[in-house]
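These notes are about the structure you will find just below.
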Amino acid sequence: MKATVRLRMSQADAHYGGGLVDGARMLALFGDVATELLVRHDGDEGLFRAYDAVEFLAPVHAGDYVEATGELVQVGATSRAMRFEAWKVISPRADLGESAAEVLAAPVLVCRASGTCVVPKEKQRLRPGGA
């Protein structure tokens, strides 16, 4: 089971000089993807328990469009193991004009992570395997 969210990083997301977006913003996107996966699988938002690994691989700036994907890779009685990736797919082109942007010929992997979520048994409403 997979889920994807795509959104544009705004100036409000820029946390550092040069419009650099804080890596925690990618983790927030992964949290949203995890929530969707849990709702689809269990009918409940569940709780994010822990990240096993997080790698920040390339910078993200205000104006970039980022696509975050997640996949449910293992299902236990209450635990749900997931893998995540965030790809930069569109970037602004300030060198061509203040509103210029382009779709990247090859998306850039900016972050990847794996983690575990938990859905207590009493909160699980859907059959195993999801809706």
task: Consider only pairs whose beta carbons are under 7 Å apart and that are at least six residues apart or on different chains; among these, list those whose first residue lies in the range 41-66 and is without any contact (Cβ under 8 Å) to a residue 60 or more places away in the chain and whose second residue is among the acidic types (Asp, Glu).
output: ALA62/ASP13
message: Given (1) farther than 21 Å from LEU126 by Cβ; (2) buried (at least 16 other Cβ atoms within 10 Å of the Cβ), identify the lone condition not met by ARG8.
response: (2)
field: Answer residue from the range 16-54, given it is touching a helix residue (DSSP H, G or I) at 6+ places or on another chain (Cβ under 8 Å) and assigned to a strand (DSSP E or B) and is farthest from GLY76 (Cα to Cα) among those
entry: VAL21
message: Condition first: more than 12 Å from CYS117 (Cβ to Cβ), of a type in the set (A, V, I, L, M) and without any contact (Cβ under 8 Å) to a residue 24 or more places away in the chain. Now tell me which residues in the range 13-40 satisfy that.
response: ALA24, ALA28
message: Being charged (D, E, K, R) and out of contact with any Asp or Glu (no Cβ under 9 Å at 6 or more places or on another chain) is the filter here; which residues of the range 1-35 pass it?
response: ASP32
- request: Name the single residue, out of those in the range 24-55 being of a type in the set (Gly, Ala, Ser) and surrounded by fewer than 19 Cβ atoms within 10 Å (Cβ to Cβ), that is nearest to LEU7 (Cα to Cα).
  value: ALA28
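Values in this text are rule-based calculations from the coordinates and carry no lab data. All figures in this text were calculated on a predicted structure; none of them were measured in a lab. Glycine also receives a Cβ, built like all others from the backbone with ideal geometry; neighbour counts cover every protein chain displayed.
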